């Protein structure tokens, strides 16, 4: 059981994601970017290289200056998304990353630098990020 | 027993071709992602000329063949007309992230829908099938116009053609998968979208296709994922959006390179952007604009039915604001942001008039 949010939780998801070859095809695959995760005041930085998520570290707000984009939601919204993924063995139609992004006035994915080329990586690798969070259905999460 | 035939002198081998070669002793080594195009940019093989005089189809780095015929009348032989710094990377990414419309879309999740929803979805599928014809045809034409010396950019365009081909078939499949079918053609291949194919210059084409056109369609694919009625549509739109974002990346990076390498063409590029903003981005040329079969279909799908059209239209307007913000930031990223500072761009003004 891993508590969300924590490096331990992201590491557990990484292990499932990296070990599942099925997510390396079907629109998944090479993904090279640095993505931030902002859970309320907590910040985590995930590194994606090739077909793997190679690292997850706890960071601070300043680290968000350097990521390509970051996903920003209140803890309750993160909890709802992860619980939904767990209940449905993957996000249902109302809880995919893209849907959550478009339903928010300011979006789910954003950046400090404002460079749309880098922010577009969220769209370019969207299936990979969805696979990543869907992998959390296979771990036990505590909030 | 017959005598052995004397064949001496008839099979002298001419091995002079063995002396005709490009730089030798080349040993490319694979990186952590396999043996990529970036890994074979070694020595002279990795050198691209600023201007190419290669009209014979000679692979870059191979030994020239004196007296060979000209097989290509390549219009694009100046590097800054087509180049981008991350072409090799985008190509490998495109190959690695391919998907199948036959097996990667869970078609079995589609179930009967109310008539108005099915008709709106089929209208949208008809529109996308039309648009993707243009998006496939246009880069294909420019591939054959480009010297083999700039093969990395050509490879990305070829991968784009494959992507667009898949988009054409996936929307056709969707139209026919749930008791509906194709609707009336929207005429999307005429007007501004069709005019992309009239471009006389690659950068003109890229500004219209990759930045303005595909940027707008990217938002529509993302909307498609938002309003999907089942997992099949969800996957279909999400996967198409990924491909489209890669095509947009080509446009942004090409504009960056062009802007730095040929600043004398900046004013010309601004003129293309003026035209695009007046039509496909904020005007009636935008398929997500108010009215018309596509705009109305989007509003019906976003709202959840004909009876919730106004609600859907409000959502569509909100999403179009995001579409504009993203377009604006992409133009800034491409190096042409001054148009939003000096009053040249009337983007938001035009949007408010059209909304």
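The values are calculated or read from the model by the stated rules, or taken from the named source; none is laboratory data. Source: prediction; values computed, not measured. Cβ placement follows ideal geometry from the backbone for every residue including glycine, while neighbour counts extend to all protein chains displayed.
Within segment B:84-98, is even one residue away from chain A (no Cβ under 14 Å), part of a loop (DSSP other than H, G, I, E, B) and modelled with pLDDT of 95 or more? So that I can check it myself, show each step before the final result.
Quick first cut of segment B:84-98, residues away from chain A (no Cβ under 14 Å) only: B:87.
Going one step further and asking which of them are part of a loop (DSSP other than H, G, I, E, B), we end up with none.
Taking every residue of segment B:84-98 in turn, none turns out to be away from chain A (no Cβ under 14 Å), part of a loop (DSSP other than H, G, I, E, B) and modelled with pLDDT of 95 or more.
So which residues in segment A:84-99 are at pLDDT 95 or above and surrounded by 15 or more Cβ atoms within 10 Å (Cβ to Cβ), if there are any at all?
A:84, A:85, A:86, A:90, A:91, A:95, A:96, A:97, A:98, A:99
So which residues in segment A:40-77 are assigned to a helix (DSSP H, G or I) and surrounded by fewer than 20 Cβ atoms within 10 Å (Cβ to Cβ)? Quick ask: steps written out before the conclusion?
Narrowing segment A:40-77 to residues assigned to a helix (DSSP H, G or I): A:61-65, A:75-77.
Those that are assigned to a helix (DSSP H, G or I) and surrounded by fewer than 20 Cβ atoms within 10 Å (Cβ to Cβ): A:61, A:62, A:63, A:65, A:75, A:76, A:77.
Could you grab me the full set of residues in segment B:317-343 that are surrounded by 15 or more Cβ atoms within 10 Å (Cβ to Cβ), more than 11 Å from chain A (Cβ to nearest Cβ) and farther than 18 Å from residue A:115 by Cα?
Answer for segment B:317-343, where residues must be surrounded by 15 or more Cβ atoms within 10 Å (Cβ to Cβ), more than 11 Å from chain A (Cβ to nearest Cβ) and farther than 18 Å from residue A:115 by Cα: B:317, B:320.
Answer with yes or no whether residue B:102 is part of a loop (DSSP other than H, G, I, E, B) and closer than 30 Å to residue B:177 by Cα. Give the derivation first.
Details: part of a loop (DSSP other than H, G, I, E, B): yes; closer than 30 Å to residue B:177 by Cα: yes.
In short, yes.
Is one or more of the residues making up segment B:250-270 without any contact (Cβ under 8 Å) to a residue 60 or more places away in the chain, within 12 Å of chain A (Cβ to nearest Cβ) and either surrounded by fewer than 24 Cβ atoms within 10 Å (Cβ to Cβ) or within 20 Å of the chain's Cα centre (by Cα) (or both)?
No, every residue in segment B:250-270 fails to be without any contact (Cβ under 8 Å) to a residue 60 or more places away in the chain, within 12 Å of chain A (Cβ to nearest Cβ) and either surrounded by fewer than 24 Cβ atoms within 10 Å (Cβ to Cβ) or within 20 Å of the chain's Cα centre (by Cα) (or both).
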